[in-house]
Amino acid sequence: MKIFSVSVINMAYWNKEIECMPQEEIKKRQLDMLQKLIAHLYKDNKFYHDKMAAKGVVPEDIKTLEDITKLPFMYKQDLRDNYPTKMFTEPIDKIVRFHVSSGTTGKPTLVGYTRNDLEFWSEALARSLTSCGVGEKDVMQVSYGYGLFTGGLGAHYGAEKVGATVLPTGTGNTERQIELMQDLGVTAIACTPSYFIHMIDVAKQKGVDIRKDTVLRRAFLGAEPWTEGMRKHIEEASGVKAYDIYGMSEMAGPMYTECEERCGIHIPWDIMYCEVVDPETDEPVAPGQKGELVVTMLKKEAFPLVRYKVKDVTCIMPEPCKCGRTSPRIARITGRTDDMLIIRGINVFPSQIEHTLLQIPEVESHYMIIVDRINALDVLTLQVEIKPEAFSDKVNEMTDLKKRIENEMKKYLNVAVKVELKESGSLPRFEGKSKRVIDRRTYE
Ligand code: DLL
């Protein structure tokens, strides 16, 4: 596909026909895709068939796009209950990649991709990166984690597709990352906002001013919540233009970004259908009103998702974008409807911490989770009460126990946890709903 410029608004598109299609045509095509998807899933996949049958819906009930609300919702728990491959809609010989994300207790969530699925994923990002002015002349440093996490490989393939030169640094070894950024003329970076702030600080300590001593101009920041305040801080401190990039493993990692206008994240209508519903009543809310995002992947072959409740809070932006794209937009994610914490880009549920903790015989069931942001990095502290019989006045025994709990946490959560041992009865007790998480991070 060629990139071509439109002189009127001086904007490049990756796939202009799709990105600027008239609304009426978009709706017609989305309905057609939805009908085909539902007919296929009802006929060929037990999970989807049973879910629809339980709600008394058949594919013929989907006569308009609005009829999507007749279909049942899907939840993260469905992915766990059907682990590993019961929800796959293609046989294993068609699957060319797995990504796995951690979650609450028990099974992780697994998503499989066919060759076409990988292609749609990169296509979505290619459209997004082009809309922000990234192309063949760019050198893109990908500082998201590579591996089971979707961030690294997702951004990597998208950047390669637009012809950028990719520097696949992954996370960590920040000083080396800064050196490479300077030596190789990196012009764009993709990482979490908190890691980018850390990078700015480490650069400063090394006497490197990102604004003057590098040619970095664009940053694609996401995988965790951040705010306009943080954007302002980042841009002032580094001189880059910062764009919001959004996605989740269940649908295919990082997929969508803002365009140069930076007023909402463009959603490729031919890949994903978005609804926003009231989290209490599950009823659709009006465009511009906040609610919970619900997604249907219209084109995914191996793992489609129908009305998946993402738990992210956003709204559909009603006004057209100045960039000329007609695709729907969602606003920056402002929160979650569940208690999931994102620690250094990794999803952590308090229930997962509790489950791991309660496997350790020396601890009581009272604990507190405290999250801070120190030098731009998230720090998770776990205060745990120790059973009186397990308490010892020998320092080395207590140090061993603390280390053992820290190791168990790291093993199961994939996140470093600082453990503080507390005497039995010393942590707060709750009469109503317990409040075991204190999140002291500020995003401003
Ligand atoms: O975080 C995928 C990703 C990678 C997105 C790189 C962007 C960049 P998960 O680990 O499954 O996937 O976490 C998904 O992270 O439901 C949101 O709660 C949160 N999240 C992701 N991007 C943003 C963002 C990746 N831009 C969960 N703003 C999502 C706020 C975000 N929250």
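The values are calculated or read from the model by the stated rules, or taken from the named source; none is laboratory data. Everything numeric in this text was worked out from a predicted model, so none of it was measured. Virtual Cβ from ideal backbone geometry, glycine too; neighbours counted across all protein chains shown. When the accessible area is computed, the model is the full protein with side chains, heavy atoms only, and any ligands, DNA or RNA have been set aside. Shrake-Rupley method; radii C 1.70, N 1.55, O 1.52, S 1.80 Å.
I need the full set of residues from the stretch 47-83 which are basic (Lys, Arg) and under 20 Å from LYS107 (Cα atoms), in order please. Selection gives LYS76, ARG80. Total residues in the stretch 357-405 satisfying the condition of being assigned to a helix (DSSP H, G or I), of a type in the set (Val, Ile, Thr) and crowded, with 16+ Cβ neighbours inside 10 Å: the figure is 1. Within the stretch 211-235, being over 19 Å from LEU377 (Cα atoms) and part of a helix (DSSP H, G or I) holds for ARG211, LYS212, ASP213. Answer yes or no: is there a residue in the stretch 304-315 that is within 16 Å of the ligand (Cβ to nearest atom), open to solvent by less than 10 Å² (accessible area, probe 1.4 Å) and over 15 Å from the mean Cα position of the chain (by Cα). Yes; the residues of the stretch 304-315 include at least one that is within 16 Å of the ligand (Cβ to nearest atom), open to solvent by less than 10 Å² (accessible area, probe 1.4 Å) and over 15 Å from the mean Cα position of the chain (by Cα). Of the conditions (1) of a type in the set (Lys, Arg); (2) in a loop (DSSP other than H, G, I, E, B); (3) within 16 Å of the ligand (Cβ to nearest atom); (4) open to solvent by 50 Å² or more (accessible area, probe 1.4 Å), LYS299 fails just one. Which one is it? Only one criterion in (1) of a type in the set (Lys, Arg); (2) in a loop (DSSP other than H, G, I, E, B); (3) within 16 Å of the ligand (Cβ to nearest atom); (4) open to solvent by 50 Å² or more (accessible area, probe 1.4 Å) is unmet by LYS299, namely (3).
Just name the residue that is surrounded by the fewest Cβ atoms within 10 Å (Cβ to Cβ) out of those in the stretch 126-147 that are of a type outside the set (Gly, Ala, Ser) and over 23 Å from ILE210 (Cα atoms). Once the filter is applied, the top-ranked residue is TYR146. Screening the stretch 83-177 for strands (runs of 3 or more DSSP E) wholly inside it with 1 or more residues that are touching a Leu at 6+ places or on another chain (Cβ under 8 Å) and at pLDDT below 95 returns the ranges 95-101, 109-114. Kindly indicate whether ASP78 is surrounded by 14 or more Cβ atoms within 10 Å (Cβ to Cβ) and among the acidic types (Asp, Glu). It is true that ASP78 is surrounded by 14 or more Cβ atoms within 10 Å (Cβ to Cβ) and among the acidic types (Asp, Glu). Can you tell me which residue within the stretch 220-237, out of those that are touching a helix residue (DSSP H, G or I) at 6+ places or on another chain (Cβ under 7 Å) and more than 11 Å from the ligand (Cβ to nearest atom), is most open to solvent (accessible area, probe 1.4 Å)? Looking at the filtered set, the residue picked out is ALA237. The residue that is most open to solvent (accessible area, probe 1.4 Å), among those in the stretch 406-444 that are part of a helix (DSSP H, G or I) and either modelled with pLDDT of 90 or more or of a type in the set (Asp, Glu) (or both), is LYS411.
Of all residues in the stretch 338-355, those satisfying the criterion of being surrounded by fewer than 19 Cβ atoms within 10 Å (Cβ to Cβ) and more than 10 Å from the ligand (Cβ to nearest atom) are ASP339, PHE349, PRO350, SER351, GLU354, HIS355.
Residues considered: ASP244, ASP201, ASP270, ASP282. Of these, the only one that is more than 15 Å from the ligand (Cβ to nearest atom) and not in a loop (DSSP other than H, G, I, E, B) is ASP201. Does LEU293 count as under 28 Å from PRO279 (Cα atoms) and aliphatic (A, V, I, L, M)? Yes, satisfied.
Here is a yes/no grid of residues against (1) under 19 Å from SER128 (Cβ atoms); (2) aromatic (Phe, Trp, Tyr):
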position: PHE220; (1), (2): yes, yes
position: ALA242; (1), (2): yes, no
position: SER249; (1), (2): yes, no
position: MET255; (1), (2): yes, no
position: CYS259; (1), (2): yes, no
position: ASP278; (1), (2): no, no
position: GLY288; (1), (2): no, no
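Of the residues making up the stretch 331-342, those that are part of a loop (DSSP other than H, G, I, E, B), at pLDDT below 95 and among the hydrophobic types (A, V, I, L, M, F, W, C) are ILE333, MET340. Go through the residues of the stretch 319-330 one by one and say whether even a single one is under 18 Å from the mean Cα position of the chain (by Cα) and either within 16 Å of the ligand (Cβ to nearest atom) or not in a loop (DSSP other than H, G, I, E, B) (or both). There is at least one residue in the stretch 319-330 that is under 18 Å from the mean Cα position of the chain (by Cα) and either within 16 Å of the ligand (Cβ to nearest atom) or not in a loop (DSSP other than H, G, I, E, B) (or both).
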